[in-house]
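Visitor: Here it is, the structure in full.
The values are calculated or read from the model by the stated rules, or taken from the named source; none is laboratory data. Please read these numbers as outputs of a predicted model, since none were measured by experiment. Cβ atoms come from the backbone with ideal geometry, glycine included; neighbour counts cover every protein chain shown. Just so you know, the surface numbers come from the protein's heavy atoms only, side chains and all, with ligands and any DNA or RNA stripped out. Shrake-Rupley method; radii C 1.70, N 1.55, O 1.52, S 1.80 Å.
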Amino acid sequence: MTNPPARRTVLGTGGAAALLVGCSKYGDSGGSGDSSQASASPATLASPPASGAAGGPELARTSDIPVGGGKIFKDRKIVVTQPTKDEFKAFSAICTHQGCTVSTVADGTIDCPCHGSKYRITDASVAAGPATTPLPAEKITVEGNSIRLA
């Protein structure tokens, strides 16, 4: 007589199967035989940039970013600032203190609502703690009136 599998074994096997099914969604290369996108993130698989456009998808228009301020793109976890006219910077919108998403850009700083950390819009260095490290820089390109993820 054989013993039935332990509940832990059944649940573990089911979880592994679900993980494989989920991973295969982005691993299908459409039959071209090229699996170079198998490990790409969903954001990487988003629609390609418009013909002739450099960089990734358009994030914003330059007119969307106020001079001396910035705009937070929560869905992309990026904040874009314009410290001086026609100078655009991009940083992670995730606070380096405890991982909250920053919520406002005002008075020359990028502000986190969780514990009050503030980062300068010029270089994302810490203006007020408890954070001790700056926000990581993100790559963007600016062509004409278009700001794109690089």
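Visitor: How many of the residues in the stretch 77-108 are hydroxyl-bearing (Ser, Thr, Tyr), in a strand (DSSP E or B) and surrounded by fewer than 22 Cβ atoms within 10 Å (Cβ to Cβ)?
Guide: Counting residues in the stretch 77-108 that are hydroxyl-bearing (Ser, Thr, Tyr), in a strand (DSSP E or B) and surrounded by fewer than 22 Cβ atoms within 10 Å (Cβ to Cβ) gives 3.
Visitor: Cβ-Cβ below 6 Å, separation at least six or inter-chain, first residue in the stretch 124-150 and hydroxyl-bearing (Ser, Thr, Tyr), second exposed (fewer than 14 other Cβ atoms within 10 Å of the Cβ): which pairs?
Guide: What qualifies is THR141/ALA54; THR141/ALA150.
Visitor: Same structure again: For the stretch 45-59, does any single residue satisfy the condition of being open to solvent by less than 40 Å² (accessible area, probe 1.4 Å), modelled with pLDDT of 95 or more and assigned to a strand (DSSP E or B)?
Guide: no
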